[in-house]
Amino acid sequence: MRLDSIVMHQDPITALVNKLFGGLATQILQAVHVQPVHPWSPITETFAMEILVFTFLLIAFLLVRISLNVENPGPIQQMAEMVHGFVSDQADSIIGHGAQQFVMFTTVVLLFVLSCNLLGMVPGLLAPTSKATVPLGVALVCWFYYHYYGLRENGFGYLKQFLGPIWWISWMMLPIELISHLARLLSLTVRLYANMFAGEMVTLVFFSLVPIGVPLVFMALHMGVALIQAYIFMLLTMIYVSQAISHEH
């Protein structure tokens with residue numbers, strides 16, 4: 001009876017993912033001594049929505065790869081080239097020389113965040129980015145990414161960035177710089193989470209109060225916020241990468 005009540009409160013996607021992979025997920029968690037709250041349904045709705053977005057993007061990338069045609073590009077290829085061109089131009093203007101090596105990563109960040117944002121507009125589905133754990137996870141990936149390339153491009157000289165330009169105040173600059181870089185995690189996470197959570201709540205409230213007409217305006221606004229927040233997330237990632245790989249510290 002308890003299992004039935006849990007399944008009844010799940011959306012069809014989450015229920016399907018748990019049916020297919022719930023047993024395996026429980027075994028993996030138990031293998032690392034983590035006991036899921038619901039062993040029969042260990043995959044949360046948020047994670048199931050992330051899997052859905054991942055699957056959608058994987059299929060989209062495969063379709064682009066299959067439809068590649070130099071002489072007669074189809075609509076899928078044209079759309080992919082438009083997105084790639086947009087991200088590439090942004091990277092060139094922000095990062096500068098050598099920016100093309102970061103285009104693939106920042107494109108994936110843009111498309112993943114945007115897809116997660118827009119998923120909430122589908123009736124019955126949840127926008128993963130309206131839960132704090134998802135923006136935090138993406139922010140952590142971007143945070144480690146730019147630090148990795150900072151070390152890769154500058155070696156241990158990258159660490160001088162945290163000490164400031166004047167050696168005798170380095171003891172004061174070090175904690176300030178560390179806090180500053182940790183604050184970037186907070187900034188990326190809270191900005192995306194707060195905007196998407198607020199957008200979801202406002203849309204739901206107006207759907208419940210006035211189910212016809214008025215909610216469409218807020219859905220349009222929600223779509224605009226989803227686009228802007230995905231763009232800002234990508235833009236800040238590029239800025240952080242640009243600062244990390246700069247040789248002028």
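Read-outs throughout are calculated quantities, based only on the coordinates presented, and are distinct from any laboratory measurement. Computed from a predicted model, the values in this text were never measured in an experiment. For neighbour counting, all protein chains shown are included, and Cβ atoms are generated from backbone atoms with ideal geometry for every residue, glycine included.
Things worth noting here:
- Positive-end ranking of LEU204, ILE28, MET219 along the dipole of the chain, with charges on Cβ about the Cα centre, is headed by ILE28.
- Of GLN30, GLN77, GLN90, the one that fluctuates the most in a GNM where the chain has Cα springs shorter than 10 Å: GLN30
- Comparing Cα centroids, the stretch 47-63 and the stretch 100-161 end up 16 angstrom apart.
- When each of VAL83, VAL17 is scored by the number of other beta-carbon atoms lying within 10 Å, the sequence from fewest to most is VAL83, VAL17.
- Helix 45-66 axis, angle to the chain major axis (alpha carbon atoms, nearest 10°): 70
- Tilt relative to the chain, helix 75-94 - C-alpha long axis, 0 to 90 degrees, to 10: 30
- Degrees between helix 170-209 axis and first principal axis of the chain (Cα, 0 to 90, nearest 10): 30
- Percentage of interatomic Cα-Cα distances in the stretch 49-245 larger than 29 Å: 35
- Projected label points at ILE28 and LEU216, each 7 Å from Cα along the beta carbon direction, are separated by 4.3 nanometres.
- Candidates ASN69, ASN195, ASN18, ranked by Gaussian network fluctuation over the chain, Cα under 10 Å, top entry: ASN69
- For the chain, a crude dipole built from +1 on the beta carbon of Lys and Arg and -1 on the beta carbon of Asp and Glu, taken about the Cα centre, is about 420 debye to the nearest 20.
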